Amino acid sequence: MPAMIMSARHETLQGHITSLLKAYWNIFFKATSQLQIIASVHKYNESKKRLEDCFVASSKKGE
């Protein structure tokens, strides 16, 4: 059972990191207009915040 919990947390963390990298990629390589850049930066900031929250929650649980 602990392995299943660890696996779920790993997948969540991996999902947050993937979202962050996709948003970063969109900011610098895909965005062609100022509005797209602003939207991509916003998405990047949201992804970064979720990732930070995940680390904080994990550290509070003592893991």
Of the residues in region 25-51, those that are over 22 Å from Leu13 (Cβ atoms), among the β-branched types (Val, Ile, Thr) and surrounded by 15 or more Cβ atoms within 10 Å (Cβ to Cβ) come to Ile37, Val41
For region 17-39, indicate whether the set of residues that are in a helix (DSSP H, G or I) and in contact with a Leu (Cβ under 7 Å, 6 or more places away or on another chain) is non-empty. yes
Restricted to region 6-23 and to residues being hydroxyl-bearing (Ser, Thr, Tyr) and modelled with pLDDT of 80 or more, the residue surrounded by the fewest Cβ atoms within 10 Å (Cβ to Cβ) is Thr18
If you check Ala3 against the conditions, is it part of a helix (DSSP H, G or I), loosely packed, with under 10 Cβ neighbours inside 10 Å and at pLDDT below 80? yes
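The values are calculated or read from the model by the stated rules, or taken from the named source; none is laboratory data. Remember, it's a predicted structure, so these values are computed and weren't measured experimentally. Using ideal geometry, Cβ is built from the backbone for each residue, glycine included, and neighbour counts are taken over all protein chains shown.
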